[in-house]
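Undergrad: Before anything else, here's the structure in question.
We did not get these values from a lab; they are worked out from the coordinates using the rules stated. It should be emphasised that the depicted structure is a prediction, and the values quoted were computed from it without experimental measurement. Every residue, glycine among them, receives a Cβ derived from its backbone with ideal geometry; neighbour counts consider all protein chains shown.
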Amino acid sequence: MTIRIAAVLSIALLANSCADSSQKVSHPTPVPQHVTETAKGEVKSYQLALFDEARNRPVPIAVYVPGSGAKLSPEKRTKLKLAILNHGYGSPHTGYSFIAYNLVAQGYFVASIQHDLPKEAPMPTTGNPQQVRRPYWERGAQNMLFVLQTLKKSNPELDFKNLLLVGHSNGGDMAMLFALKYPKLARNIISLDNRRMPLPRTRRPHILTIRSSDQVADDGVLPTATEQQKFDIQIVKMENMTHNDIWDGATEEKKQEINQTINIFLKTK
């Protein structure tokens, strides 16, 4: 996905909070930074600078939770489901707040991971994508697993049995690999136009893939009509919506269409 202007500021801020991955240092329990709340208090968001000691790697996340003005039942407030959001390549983890806000309204605690870090080698653009990009997807899957394990310790009150993974483009490829490696950990997975990593042919996790009108997935990525029916995999193609429309910079109409599709899927699963 093309790099957004907003990514420059976001990644620069992250650089100050992320330790150099080449050095082993002590990392205290992270505290929320840049805490904000929407005008009407529906959503509160903040940044957490997590660090995976086992891989000596920063894993920054943006967290979105119900705010003081959220219209949720007491039952939903006390048992929020976990959703992990994964950005497209070159986009910041804060670039999909319209999806995060929508999920919070549905009773989710949303953790959006920053997978791309400053000074890292760029993802290859030549060669067989399923081979040259696989290490990046593997790293993304490990980031998701680390965030899941970390939140189980820090937020044991969350509902982890109904884990939702959402990923755009390269982030969707990561989510599909996670589903393949850890099929029992997630209940639902939503791919926002991933094009390289094949969708697992399985009934669990439940899978929805939203397709753009201008990009075509590689051969074998999407299930056949027979496989869709057999595994109950949902494919929804958006008319007049490009691959790069799937972010906060899209029109309100397009963002609403994406969220409505997500909500319908979640209500049936």
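Undergrad: Which of the helices in the chain, when you take each full DSSP H run, stretch at least 18 Å along the axis at their Cα atoms and have an average Kyte-Doolittle score of -1.0 or higher?
TA: 5-17, 134-154
Undergrad: Over all directions, average the projected area of the Cα convex hull of segment 60-161 and note it in nm².
TA: Details: hull surface 30.2 nm².
Answer in nm², one decimal: 7.5.
Undergrad: I need E37, E227, E253 ordered by Cβ neighbour count within 10 Å, fewest first. Don't skip to the end; give the middle numbers.
TA: Working: E37 16, E227 13, E253 9.
Least to most surrounded, the residues fall as E253, E227, E37.
Undergrad: Taking the Cα centre of each part, how many Å lie between segment 38-85 and segment 250-269?
TA: Distance between centres, Cα-based: 20 Å.
Undergrad: Taking the DSSP beta bridges in the chain as the whole, what percent of them are antiparallel, to the nearest 5?
TA: Once the DSSP bridges in the chain are tallied, antiparallel ones form about 40 percent.
Undergrad: Something else now. Connecting C-alpha atoms closer than 10 Å in a GNM of the chain, tell me which of G69, G167, G140 has the biggest fluctuation.
TA: G69
Undergrad: Can you give me the orientation-averaged projected area of the convex hull built on the Cα atoms of the chain, in nm²? Working shown, then result.
TA: Numbers: hull surface 56.1 nm².
Reported value for the Cα convex hull: 14.0 nm².
Undergrad: Also: Only four residue types carry charge here, +1 at the Cβ of Lys and Arg and -1 at the Cβ of Asp and Glu. Report the dipole size of segment 34-268 about the Cα centre in Debye, rounded to the nearest 20.
TA: Using Cβ point charges on Lys, Arg, Asp and Glu, segment 34-268 gives about 880 debye.
Undergrad: Using the 2.2 N^0.38 Å rule of thumb for compact globular proteins, work out how segment 122-219 stacks up: its C-alpha Rg over that value, please. Display every interim value, and only then the final one.
TA: Details: Rg = 13.9 Å, N = 98, 2.2 N^0.38 = 12.6 Å.
Cα Rg divided by the expected 2.2 N^0.38 Å: 1.10.
Undergrad: What's the ranking of 113-122, 208-217 by average number of surrounding C-beta atoms within 10 Å, highest first?
TA: Order by mean packing, descending: 208-217, 113-122.
Undergrad: Springs between alpha-carbon atoms under 10 Å, Gaussian network over the chain: tell me which of V221, V31, V65 tops the mean-square fluctuations.
TA: Comparing V221, V31, V65 in a Gaussian network model of the chain, the most mobile one is V31.
Undergrad: Most fluctuating residue of N188, N240, N86 in a GNM of the chain with Cα springs under 10 Å: which is it?
TA: N240
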